[in-house]
Amino acid sequence: MFKLRLLAIAPFLSLFLAPFAVTRADQITITNGSASVGRIMGGPFQLQGGGATLTGAVNYGHGATDWYRAGDTVNVSTYNVGLDVRSGTATVNGNSYNPIYYDGFLRFTASLNIPPVSAPERFSVTTPFSFQGLLRGCTTSTISGCPGGYVFSFDLIGAGIATVYLRTFLLDGQRQYLVENVDYNFTPVPEPTTLLLLGTGLAGFALRRRAMNR
């Protein structure tokens with residue numbers, strides 16, 4: 001009797017649990033794409049990797065609003081969470097969503113040392129950054145949750161080169177620097193196997209060169 005009842009309600013259980021089946025986060029390494037943020041305001045992002053292309057925008061920039069001097073270390077990290085990550089479009093394994101509403105967070109971590117520059121007035125410096133995020137996509141607004149269930153959920157990791165744009169001028173005889181905006185550009189992260197092969201190749205090259213010098 002219990003088995004018959006379970007078989008009878010099984011279709012309803014599957015309908016109830018289906019929206020939650022896609023909320024398990026799959027990890028994706030972002031190998032291409034970019035994000036841009038201003039000094040205070042945010043900007044657009046496009047993240048690509050693992051068969052997914054996610055576009056949207058963030059509300060806040062890196063928050064570096066102070067004037068700096070040459071040699072100072074500046075934090076050009078950004079962190080946007082929840083509704084700070086604005087809606088956009090997404091393509092996941094051939095399925096397109098326009099618009100898509102995001103829930104989650106994006107965190108870019110980077111810093112740089114201000115170099116001494118006298119001219120030009122505006123210049124740029126590059127520095128590595130690391131990236132971590134979580135994006136869940138909903139086809140309806142996430143202000144009150146996602147009633148229909150998330151259509152995808154991704155843990156995101158990545159790294160790349162941040163281009164930091166600065167402006168400099170003299171203030172009371174002292175040269176000052178201001179960070180204007182930051183572009184984060186992703187680059188592929190080598191797989192552990194690739195790193196191992198590279199290491200063994202360099203080791204073999206070193207041994208061969210040593211043998212030739214004897």
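Can you report the number of residues in segment 101-146 which are in contact with a Ser or Thr (Cβ under 9 Å, 6 or more places away or on another chain), among the β-branched types (Val, Ile, Thr) and assigned to a strand (DSSP E or B)?
Adding up the residues that qualify gives 4.
Report yes if some residue within segment 106-124 is within 26 Å of Gly51 (Cβ to Cβ) and open to solvent by less than 30 Å² (accessible area, probe 1.4 Å); otherwise report no.
So far as segment 106-124 goes, yes, one or more of its residues are within 26 Å of Gly51 (Cβ to Cβ) and open to solvent by less than 30 Å² (accessible area, probe 1.4 Å).
For the structure I just gave you, tell me whether Phe205 is open to solvent by 60 Å² or more (accessible area, probe 1.4 Å), assigned to a strand (DSSP E or B) and modelled with pLDDT under 90.
No; evaluated as a whole, the condition is false for this residue.
Checking Gly149 against (1) outside any strand (DSSP E or B); (2) under 18 Å from Ala57 (Cβ atoms), which single condition isn't satisfied?
Evaluating Gly149 over (1) outside any strand (DSSP E or B); (2) under 18 Å from Ala57 (Cβ atoms) leaves (2) as the failure.
Is it the case that segment 125-140 has a residue that's at pLDDT below 95 and open to solvent by 50 Å² or more (accessible area, probe 1.4 Å)?
Checked segment 125-140: at least one residue is at pLDDT below 95 and open to solvent by 50 Å² or more (accessible area, probe 1.4 Å).
Collect the residues in segment 57-72 that are open to solvent by 30 Å² or more (accessible area, probe 1.4 Å) and either part of a loop (DSSP other than H, G, I, E, B) or modelled with pLDDT of 95 or more (or both), keeping them in residue-number order.
Across segment 57-72, the qualifying residues are Asn59, Gly63, Thr65, Asp66, Trp67, Arg69, Ala70, Gly71, Asp72.
Taking Thr168 and the conditions (1) over 17 Å from Ala52 (Cα atoms); (2) among the β-branched types (Val, Ile, Thr); (3) surrounded by fewer than 16 Cβ atoms within 10 Å (Cβ to Cβ), which numbered condition does it fall short on, given that it satisfies the others?
(3)
Taking Leu83 as meeting all but one of (1) surrounded by fewer than 16 Cβ atoms within 10 Å (Cβ to Cβ); (2) in a loop (DSSP other than H, G, I, E, B), write down the number of the exception.
(2)
Of all residues in segment 128-162, count the ones that are within 15 Å of the chain's Cα centre (by Cα) and not small (Gly, Ala, Ser).
Going through segment 128-162 one residue at a time, the tally reaches 12.
Taking only pairs six or more apart or across chains, which ones have beta-carbon atoms under 6 Å, a first residue in segment 151-166 that is touching a residue at least 60 places away in the same chain (Cβ under 8 Å), and a second residue that is open to solvent by 10 Å² or more (accessible area, probe 1.4 Å) and of a type in the set (D, E, K, R)?
Filtered contacts from segment 151-166: Ser153/Arg136; Phe154/Asp26.
The values are calculated or read from the model by the stated rules, or taken from the named source; none is laboratory data. Since the model is a prediction, treat every value here as computed from it, not as a measurement. All Cβ positions, glycine included, derive from the backbone under ideal geometry; neighbour counts span all protein chains shown. Keep in mind that these areas ignore ligands, DNA and RNA; they rest on the heavy atoms of the full protein, side chains included. Shrake-Rupley method; radii C 1.70, N 1.55, O 1.52, S 1.80 Å.
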